[in-house]
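What follows is calculated from the coordinates using simple rules that are stated; it is not laboratory data. These figures come from a predicted structure and were not determined experimentally. Methodologically, a virtual Cβ is constructed for each residue, glycine included, from the backbone with ideal geometry; neighbour enumeration extends over all protein chains shown.
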Amino acid sequence: MRHRIYTRDALTGAVTIGGEEFHHAARVVRVREGEEVELFDGEGHAASGVIESITADALIVRIEKPIDSREAAIAIDLAMSIIQLEKFELVLQKATELGVRSIIPLETDRQEIRAERYRSKHERWKKIIFEATKQSGRAVIAKLEPPTKFDDLMERENKIVFDADETQTDSVLSPQSSVLLIGPEGGWSERELIVAREHDCIFATLGPRRLRAETAAIVACALLNDRFTRRG
């Protein structure tokens with residue numbers, strides 16, 4: 001894939017790239033004049049272009065044509081329990097690659113990570129999502145929501161709770177959007193399962209084996225994405 005550059009400017013005519021994106025393209029990747037690149041605005045638009053010139057602090061890209069969206073056919077909001085932070089960050093990366101619309105750090109009854117350990121992680125987590133967006137060819141930067149308590153999430157629609165021990169719900173999934181809830185290493189508490197049933201959550205499993213939380217999140221996103229992918 002051609003080098004990808006993020007810009008907030010309209011993807012028409014000549015676009016000037018400065019700041020961190022310029023530094024990475026010109027000083028790290030070392031793009032050259034005449035090289036084809038891809039630009040995206042983080043809101044769903046992308047275009048191919050050619051580098052016209054490189055100065056000491058900016059490069060100019062001449063836009064050639066728009067690029068079709070590589071976004072998923074279904075809008076997935078992943079409510080991921082805040083697990084061991086290295087594993088949680090793996091989920092941020094892989095879920096972004098798999099096309100989720102947003103990621104919601106979920107505070108649960110059996111959470112083992114204290115809140116003070118992740119209060120300052122928001123900018124780091126956004127950067128992980130941004131880098132995964134560039135790498136995967138997406139034109140939309142997934143939204144990182146603030147940490148949210150399990151009970152507060154129950155007000156949302158189209159919720160799917162993944163649990164290895166629950167009976168899978170025989171229910172029709174929305175082809176437009178879904179909120180996937182992945183529990184912590186210790187699983188959901190009985191109280192949370194009761195609350196989920198009271199709020200008409202769909203229950204789903206991921207096969208006969210018990211998966212680690214980070215594996216479950218990646219598999220759930222991939223399976224739901226594949227189920228609603230439009231095939232030619």
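What is the distance in Å between the Cα centres of the range 115-142 and the range 152-220?
One Cα centre to the other: 23 Å.
Sort TRP125, TRP188 so the one with the fewest other Cβ atoms within 10 Å of its own Cβ comes first.
Ascending Cβ contact count within 10 Å gives the list TRP125, TRP188.
Compute the Cα gyration tensor for the range 4-66, then decide on rounded, prolate or oblate, letting a ≥ b ≥ c be the square roots of its eigenvalues: rounded whenever a/c is under 1.5, prolate when a/b is larger than b/c in the other cases, and oblate in all that remain.
The shape class here is prolate.
Is the range 75-227 rounded, prolate or oblate when judged by the Cα gyration tensor, a ≥ b ≥ c being the square roots of its eigenvalues, rounded requiring a/c under 1.5 and prolate requiring a/b larger than b/c?
Oblate, since a/c reaches 1.5 and b/c is not below a/b.
Can you give me the long-range amide H partners of LYS159? Hydrogens built in the peptide plane at 1.01 Å from N, cutoff under 5 Å, separation of 5 or more residues or another chain.
When sequence neighbours closer than 5 places are left aside, the close amide H contacts are VAL179, ILE202.
For the range 87-146, what class follows from the C-alpha gyration tensor (a ≥ b ≥ c being the square roots of its eigenvalues): rounded when a/c is under 1.5, otherwise prolate if a/b is larger than b/c, else oblate?
prolate
Using a 10 Å cut-off around each Cβ, can you sort THR205, THR12 from fewest to most neighbouring Cβ atoms?
Ascending Cβ contact count within 10 Å gives the list THR12, THR205.
How big is the dipole moment of the chain about its Cα centre under a simple scheme where the beta carbon of each Lys and Arg is +1, that of each Asp and Glu is -1, and everything else is neutral? Debye, nearest 20, please.
560
So if we plug the beta-carbon distance of HIS122 and ASP226 into 1/(1 + (r/R0)^6) with R0 = 25 Å, what FRET efficiency do we get, rounded to 0.05?
The computed FRET efficiency comes out at 0.25.
Once you have the Cα-Cα distance between GLU52 and ASP165, take 0.36 nm times their residue separation minus that, and quote the gain in nm to one decimal.
Once the chain is fully extended between GLU52 and ASP165, it gains 34.8 nm.
Once phi is turned into θ = phi - 60°, what whole-Hz ³J(HN,Hα) does the Karplus curve with 6.51, -1.76 and 1.60 give for every residue of the range 192-208, x standing for Gly and Pro?
Rounded to whole hertz, the list is 5, 5, 5, 4, 4, 5, 5, 9, 6, 6, 7, 9, 9, 10, 10, x, x.
Keeping to pairs on different chains or 8 or more places apart, tell me how many lysine pairs in the chain have Cα atoms under 16 Å apart.
13
Subtracting the Cα-Cα distance from 0.36 nm times the residue separation, let me have the gained length for ARG62 to ASP200 in nm, one decimal.
My answer for the length gained is 44.6 nm.
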